[in-house]
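Q: I have a structure I would like to understand better, so I am pasting it below and will then ask my questions one at a time.
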Amino acid sequence: MDDQEFHDFVAQRMERWRRSAYLMCQDWHTADDLVSIAIAKIYRHWRDVRGADNPEAYAQRILTRVWLSERRRPWRRERSAEHLPDQPVDPGHRITDRDSLAALLRELGPRQRAVLILRFYFDYSAEQTAEILQVTVGTVKSQTARGLQALRVNEQALRG
């Protein structure tokens, strides 16, 4: 195995994977955990990843599946508190657009969120998204339509 090739592959994509994981899970610490797990899996399967027609999509599929798998774990159903006690919140540091998008994405189910992130954040085609998630193109299209509709409804509800 060529460790330098693996390290170069990971180094070039690390920040993108981290942002992708954050968009899926909405928590930077969890995103870092997901990326770490995905990198370990990519390393174990480096020969397959390197030999794939699209190594980038193969790696993104691993990351997305890690997130979906982690969502099914019982301890992931626990919800953390919105605010920690005895720590002031400075409302001046909020980024309204990012917070609004994060709130809207949290309202979606994991599959719809993954599909929308892959389709619109990473600009993958329906076929590439289907390949990454290992579902049919029809499933990607229906999840996209349902996810966008849910975003529209939720956005209207937020606006009041």
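Q: Show the residue pairs that are 6+ apart or on different chains and have beta-carbon atoms under 8 Å apart, the first residue being within the stretch 54-69 and of a type in the set (Ser, Thr, Tyr), the second being open to solvent by 40 Å² or more (accessible area, probe 1.4 Å).
A: Going by the 8 Å Cβ cut-off, the qualifying pairs are Tyr58/Asp48.
Q: Something else now. Report yes if some residue within the stretch 32-53 is under 20 Å from Phe120 (Cα atoms) and either in contact with a Lys or Arg (Cβ under 9 Å, 6 or more places away or on another chain) or at pLDDT below 80 (or both); otherwise report no.
A: no
The values are calculated or read from the model by the stated rules, or taken from the named source; none is laboratory data. Note that the structure is a prediction, hence the values are computed from the model and not measured. Every residue, glycine among them, receives a Cβ derived from its backbone with ideal geometry; neighbour counts consider all protein chains shown. Side chains are part of the model used for accessible areas, which takes the heavy atoms of the whole protein and leaves out ligands, DNA and RNA. Shrake-Rupley method; radii C 1.70, N 1.55, O 1.52, S 1.80 Å.
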